[in-house]
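The values are calculated or read from the model by the stated rules, or taken from the named source; none is laboratory data. None of the values given here were measured: they were computed from a predicted structure. With ideal geometry, Cβ positions are generated from the backbone for all residues, glycine too; neighbour counts draw on all protein chains shown. For the accessible areas, the whole protein counts, side chains as well, though only heavy atoms, and no ligand, DNA or RNA atoms are used. Shrake-Rupley method; radii C 1.70, N 1.55, O 1.52, S 1.80 Å.
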There are 2 protein chains.
Amino acid sequence: MSSNKNNLTKILKISGLRNTPQRQAILDELNRTRDHRDVEEIYFSLKKKGIKVSRATVYRTLELFVNHYLIRRLDLGEGKYRYESRESDHHDHIVCLDCNKITEFMNNRIEELQEEVAQENGFFLKRHVHQLFGHCLNETCPNK
Amino acid sequence: MSSNKNNLTKILKISGLRNTPQRQAILDELNRTRDHRDVEEIYFSLKKKGIKVSRATVYRTLELFVNHYLIRRLDLGEGKYRYESRESDHHDHIVCLDCNKITEFMNNRIEELQEEVAQENGFFLKRHVHQLFGHCLNETCPNK
DNA sequence: AAATTCTTTGAGACTCATTCTCAACAACAT
DNA sequence: ATGTTGTTGAGAATGAGTCTCAAAGAATTT
């Protein structure tokens, strides 16, 4: 935590930026879990903890962190973004159409094929968006 | 054209819906090209052709057609949807980060692996979103 | 520790895509 | 042709995200 704080302060300083309680709290909040959170969830989590922060700051800070590769931004086709910690490795997502459960997956062969496809089409691949949507077989899922 | 009109009329009738000049025009407009168009583009194309239509109708009709598998809806991460004809086969997209050129691709092995991944994770796969983003090697692209 | 500098924040206005409301309109069956 | 009922248009409403600007507060300097 305290080493984390120093970390963030250092990273920001390189770009002439300052660390603040709000920035630290937002990063800690995302790193605390592997969840995929949207802005409202993050905003209210911080509020509940008594941290003084505005929505504008949450939006600005998340964008800042995405640009500095401190967190990842997800677009799961909901009309809004979700954010996740970068403490886990790269992965893509399967989403249940019934209960919205988000499961992470990683397939090396698919990753390789994406590179091949990009090359074949004359592209230098920078990133990808890959989501599977389906029905999960969970007992607790409303479709069962 | 006229067989097309009869077609759409029949399809809609099955669900107790009616064909209208607006609906026919929107479907024709999308089927006319392989392009990936957003609502404003479609709306203004129709306006330019002198077709009386409102944005609300364009939105409603596109959703109706997506639900009836007459067209496909694309989310290329732009904060708005694009729509394309279903006269082409299934494919995914590579988007150039510099010139926004959209290239279609289709890789059978990736499609198979998506099925495997879904199965491994206890999902019955319904659909997927798969986009690659990179830099294209086009002469006309602003990054060259 | 105080002064200085310059970044950051909060509140609310604003934008943009999309959805909703409802009265007027118009397909289609009979 | 007429009636029933689905459809449209105009604009209000919504929701996510961005912008503005004065006040607040990091970090540096004295």
Anything in the range B:11-26 that is of a type in the set (A, V, I, L, M) and farther than 17 Å from B:A56 by Cβ? List them, or say none. B:I11, B:L12, B:I14
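So that you can scan it fast, the table gives a plain yes or no per residue for (1) touching a Phe, Trp or Tyr at 6+ places or on another chain (Cβ under 9 Å); (2) more than 10 Å from DNA strand C (Cβ to nearest atom); (3) of a type in the set (A, V, I, L, M, F, W, C):
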position: B:I26; (1), (2), (3): yes, yes, yes
position: B:R32; (1), (2), (3): no, yes, no
position: B:E40; (1), (2), (3): no, no, no
position: B:L46; (1), (2), (3): no, yes, yes
position: B:I51; (1), (2), (3): no, yes, yes
position: B:R55; (1), (2), (3): yes, no, no
position: B:F65; (1), (2), (3): yes, yes, yes
Within the range A:2-39, the residues that are under 20 Å from the mean Cα position of the chain (by Cα) and either more than 15 Å from DNA strand D (Cβ to nearest atom) or open to solvent by 70 Å² or more (accessible area, probe 1.4 Å) (or both) are A:K5, A:N7, A:D28, A:E29, A:N31, A:R32, A:T33, A:R34, A:D35
Unique residue being more than 14 Å from chain A (Cβ to nearest Cβ), near DNA strand D (Cβ under 8 Å from one of its atoms) and either part of a helix (DSSP H, G or I) or surrounded by fewer than 15 Cβ atoms within 10 Å (Cβ to Cβ) (or both) when the list is B:K52, B:K47: B:K52
For the range A:82-90, does any single residue satisfy the condition of being outside any loop (DSSP other than H, G, I, E, B), out of contact with any Pro (no Cβ under 6 Å at 6 or more places or on another chain), within 16 Å of DNA strand D (Cβ to nearest atom) and farther than 25 Å from B:Y81 by Cβ? no
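So that you can scan it fast, the table gives a plain yes or no per residue for (1) touching a strand residue (DSSP E or B) at 6+ places or on another chain (Cβ under 8 Å); (2) exposed (fewer than 13 other Cβ atoms within 10 Å of the Cβ); (3) not acidic (D, E):
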| position | (1), (2), (3) |
| --- | --- |
| B:N67 | no, yes, yes |
| B:R73 | yes, no, yes |
| B:E87 | no, yes, no |
| B:H91 | yes, no, yes |
| B:E111 | no, no, no |
| B:E115 | yes, no, no |
| B:E139 | no, yes, no |
| B:P142 | no, yes, yes |
